[in-house]
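Read through the structure below, which is laid out as structure tokens, and then see the notes.
Just so it is clear, none of the values below were taken in a lab; they were calculated from the coordinates. Values in this document were obtained by computation on a predicted structure and should not be read as measured data. Reconstructed Cβ throughout: ideal geometry from the backbone, glycine too, with neighbour counts over all protein chains shown.
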Amino acid sequence: MKRTFIAISVAPPGSFKELFISLKDRIPGKIKWSKTNKFHLTLGFFGSTSLKQEKQIIATIKKVAPENEKFVIQFQGLGVFPTKEDPRVIWLGLVRNQQLFKIYKELWQELSRYNFTNDNKKFAPHITLGRIRYIYDKTPLLKLLSENYNTNMFESYVQDILYFESTLTPDGPIYKVLGKYPLS
């Protein structure tokens, strides 16, 4: 069985890539940083997926994608999960976008017909920038979070909903696009 997920691909501009490199240099610790060419906004993660489930997920995306228009999302601010006292994930946030939430809601309404559940998780769209194993000194991280809490980072044009396979490796996940479904 494949590990699969639904996402929107994000391609940051060079100016953000430069900021991202400076973040990596300024935060001391053991952090597994994401690669900018793998940035995505996850709309649903399914873990091990049977062939039957794959067909159901694809049918859902094929139904929802053409019913929604292309749109622009604005990325803004940096933060951490779960808390500043115990940071485990550094993330890039975005300005709330009605179109994104509409697509998310429609996907999960349709997926629920096939008995998929998202465990009633609150949708918190973000891009994972890094996963913290340990951090030597939180001061630089907390300063960066404070400096960039509401900073506009970049915009991204959303044209498709993608269906991915994720293969875990010691060097990080490898993503393979299983399907690309255009918005109208």
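Dipole size in debye (nearest 20) for the range 2-182 around its Cα centre, Lys and Arg Cβ +1, Asp and Glu Cβ -1?
Using Cβ point charges on Lys, Arg, Asp and Glu, the range 2-182 gives about 400 debye.
Please work out which option in (i) 1.01; (ii) 0.93; (iii) 0.97 gives Rg/Rh (Cα atoms, Kirkwood Rh) calculated from these coordinates, and answer with its label.
Only one option fits the structure, namely (iii).
When only C-alpha pairs under 8 Å and at least 6 residues apart count, what is the relative contact order of the range 2-182, in percent?
Here the relative contact order equals 36 percent.
Helix-only mean residue ellipticity at 222 nm, the chain, DSSP H runs n ≥ 4 weighted -39,500 (n - 2.57), per residue, nearest 500. What is it?
Value at 222 nm, helices only, nearest 500: -8500 deg cm²/dmol.
So how do 51-61, 4-14, 174-184 stack up, highest first, on mean other-Cβ count within 10 Å?
With the highest mean Cβ count within 10 Å placed first, the list reads 4-14, 51-61, 174-184.
By count of other Cβ within 10 Å, fewest leading, how are 114, 136, 104 ordered?
With the fewest neighbours first, 114, 136, 104 line up as 136, 114, 104.
When 71, 46 are ordered from fewest to most other Cβ atoms inside 10 Å of their Cβ, what list results?
Fewest-to-most Cβ neighbours within 10 Å comes out as 71, 46.
Which one, 83, 115, 163, projects farthest toward the positive side of the charge dipole computed for the range 2-182 from Cβ point charges (K/R +1, D/E -1)?
The listed residue farthest towards the positive side: 115.
Would you please classify the overall shape of the range 42-132 from the alpha carbon gyration tensor, given that a ≥ b ≥ c denote the square roots of the eigenvalues, rounded means a/c under 1.5, and beyond that prolate means a/b larger than b/c while oblate covers the rest?
Note, shape of the range 42-132 comes out oblate.
Cross-link list 32/63; 52/176; 32/102: which exceed 28 angstrom alpha carbon to alpha carbon?
In this structure, 32/63; 32/102 exceed 28 Å between Cα atoms.
For 153, 1, what's the fewest-to-most ordering of other Cβ within 10 Å of each Cβ?
1, 153
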